[in-house]
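Notes to accompany the following structure.
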Amino acid sequence: MPRDHAQPAARPAPHADEPGGPDAPATPGVETPFLELLARGASADAYEQPALLARAEGAPAGRVAALERAKGLALRVRSDLEDRRRREAELSALFETAHDLAGLRDLDAVLRAIVQRARSLLGTDVAYLSLNDPARGDTYMRVTEGSVAARFQQLRLGMGEGLGGLVAQTARPYVTDDYFADARFQHTRAIDAGVRDEGLVAILGVPLTLGHHVIGVLFAADRRARVFEREQIALLGSFAALAAAALDAANLLAETRSALAGLEHANEIIRDRSGVIERASDIHDRLTELVLRGGGVHDVAAAVSEVLAATVDFTESAAAPALEESRAEGHAVRHGDDWIAAVAAGGEQLGALVLRDHPGLDPVDQLVLERAAMVTSLLLLARRSAAEAEQRVRGELLDDLLDARDRDPRLLRDRARRLDADLDATHVVLAARIDAPAPDAEQEADARRRLWSAASHLAATRQGLAAARDGGTVLLLPLAEGDAATELARRTALHLGTAVHEAVTVGASAPLTHLTGRPDAVAAAYAEAGRCLDALRLLGRRGDGAAAEDFGFLGLLLAGERDVTGFVRRTVGEVVAYDERRGTDLLRTLDAYFACGMSPARTKDALHVHVNTVAQRLERVGRLLGADWQSPARALEIQLALRLHRLSAPAPR
């Protein structure tokens, strides 16, 4: 709700994880040591030193508190940077592995690369891969990385024995932070001896599957107790899928070579097979080029269409049974006359490549379609990562406009220009919030994430900015010529509500210009938009959008700059303009009419005119202001506007 007009505009409440909040007063120089620590990639412990040193030197409490706040922000930045580096490393490793797989020549080299990358990205002491032996009914070590014990490297596990045997038997991932203390696994003397020789404690194993069949297990293990996070389990699962694909491709190539060896006398078949291999090599080169030059998913579909001489489309929705079957089996499946290859990553369904009207498909062409689906999933992940990074950058710029009043305007303008945002154009600040209460904290957090994502997408498409704040989102959107803040607020409420499938209420500020030259303008406008949002909710208009001008004289209280002139113009401006054009006395008649208790008889005495003259003037007023001008609500606004007009008029000389 708005405060007394003599008080400054309300500031947003600080975040729980930011000491003192984003609006805490800045202390000159406190950021410098933390910027230096960030620049040299110092450890987290090093960030404690500036505050400890300040306390030891007897610095004022305010400076120590400022150092603590700066430390919190710096640690958040450091954490974000580490997360980004980790995600980039994971995506790069997946790209490199997919590239190795697409150009498969040496199966052992590909499997070793997968195990090495899995160990490096998960930061474990050991990584290894075992394959099932159907003839002996057990699973054996195929590749190890970081292992030092010969007995461990030669282990064979019966189905259901140990952690690996249980993964191979159930086709489900298993993880333990202390293998020898975990009673879920069938411990045998041979397995425990090998694990003890290697010194392993924490072990994670995920299955290598082809369709519904388990062909092996991929492991990551540490020689100390450790809890593997969900993202790490999913990452190892992605490497396991690539390893299974490599084995599948190697088996297919082996079968192809065997078939060619047995059919050397059939030149037609040899020529045909050579053509297939050339197409596979062609698509490999094309997909590699697409990845390197930043092509999109539709470019992949077009390249595969040309190589297979058929129509291939990318779609985000396909026939559900066929799509699920393809995702589960890891292969393209037939659906009528079409072939569907699921595009998935880490168990998340991203879409599908659909080969149209092609009832017959040889194995190599099927492999081409499947490899194209894998590359498509990597491109989608890369695009998502880039989009999330852009959303964060847009949010950081808006946070700086709201909080960092001492920022260099030129730097802010340059940062906005790189995001296709023009801070010199007219903008409106909008505060948006979901009104439907969530059943629990987790669902409420999910709703806020969906609102922020939808707002960020809207801001990106409108050359604006968006950030999460105060349990909702704040947007800074350009205002088109001839548009009004009210209409922009209503369209934004409708757009966001449709995107998140919830009622979203939006309050808007008055239009702003030249934002970088007015350091307090964005924060004040956000406070005004927040007051409009609160007013809408109090008035029961949830899911709607409005600006201060929509609330009549209440808008004077809601607006940040108390637009008296605008209120008078909107309320009685037609009467003022009529008097100025015609030289009439309607405004004085209207003022006297209200002063006389809305009695025409008393009004004619006050003005010393005939009662018919009063009636004629009031009839003209009604045509100018509308038929409802004497209703209680309109009459109250008109009387306030008349008084403000008198107060703002220049004094007679």
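We did not get these values from a lab; they are worked out from the coordinates using the rules stated. Here the structure is a predicted model, which is why all the values come from computation and not from measurement. With ideal geometry, Cβ positions are generated from the backbone for all residues, glycine too; neighbour counts draw on all protein chains shown.
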Ranking of ILE233, ILE191, ILE203 by count of other Cβ atoms within 10 Å, fewest first: ILE233, ILE191, ILE203
Full-extension gain in nm, ASP628 to THR498, via 0.36 nm per residue minus C-alpha separation: 43.3 nm
Sorted by Cβ density within 10 Å, fewest first, the residues PHE152, PHE219: PHE152, PHE219
For the range 578-592, 3J(HN,Hα) per residue [Karplus equation, 6.51 cos²θ - 1.76 cosθ + 1.60, θ = phi - 60°, Hz, x = Gly/Pro]: 5, 4, 5, 6, 9, x, 8, 10, 5, 5, 5, 5, 5, 4, 5
Distance between modelled label sites at ARG223 and THR461, nm, 7 Å Cα→Cβ extension: 5.5 nm
Interchain or long-range residues, amide H under 5 Å from LEU479's placed H: THR426, HIS427, VAL428
Length gained when the stretch THR513-GLU324 is fully extended (0.36 nm per residue, less Cα-Cα span): 62.8 nm
Summed side-chain charge close to ASP579 - residues other than ASP579 whose Cβ falls under 11 Å, Lys, Arg +1, Asp, Glu -1: +2
Chain lengthening between ARG620 and ARG542 when straightened (0.36 nm per residue, less Cα-Cα): 24.3 nm
Label-point separation in nm, ASP520 to GLU36, each point 7 Å along Cα→Cβ: 3.5 nm
Distant-in-sequence amide H partners of ARG142 (H built 1.01 Å from N, under 5 Å): LEU129, SER130, LEU131
Debye, to nearest 20: dipole size of the range 31-83, +1 on Lys, Arg Cβ, -1 on Asp, Glu Cβ: 180 debye
Using θ = phi - 60° and Karplus 6.51 cos²θ - 1.76 cosθ + 1.60, couplings along the range 169-180 (whole Hz; Gly, Pro as x): 7, 9, 6, 10, x, 10, 9, 9, 8, 8, 4, 5
Karplus (6.51, -1.76, 1.60) ³J(HN,Hα), θ = phi - 60°, over the range 502-514, in Hz, Gly and Pro reported as x: 9, 6, 10, 9, 10, x, 10, 8, 5, x, 10, 10, 6
Label-point gap, in nm, between ALA480 and THR311 - each point 7 angstrom along Cα→Cβ: 3.4 nm
Net charge, PHE180 excluded, C-beta distance under 9 Å - Lys, Arg +1, Asp, Glu -1: -2
Burial ordering of GLU396, GLU580, GLU198, fewest other beta-carbon atoms within 10 Å first: GLU580, GLU396, GLU198
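With +1 on each Lys and Arg Cβ and -1 on each Asp and Glu Cβ, how big is the dipole of the range 471-547 about its Cα centre, in debye rounded to the nearest 20? Display every interim value, and only then the final one.
Numbers: 7 positive and 8 negative charges, 38 e Å.
So the dipole magnitude of the range 471-547 works out to roughly 180 debye.
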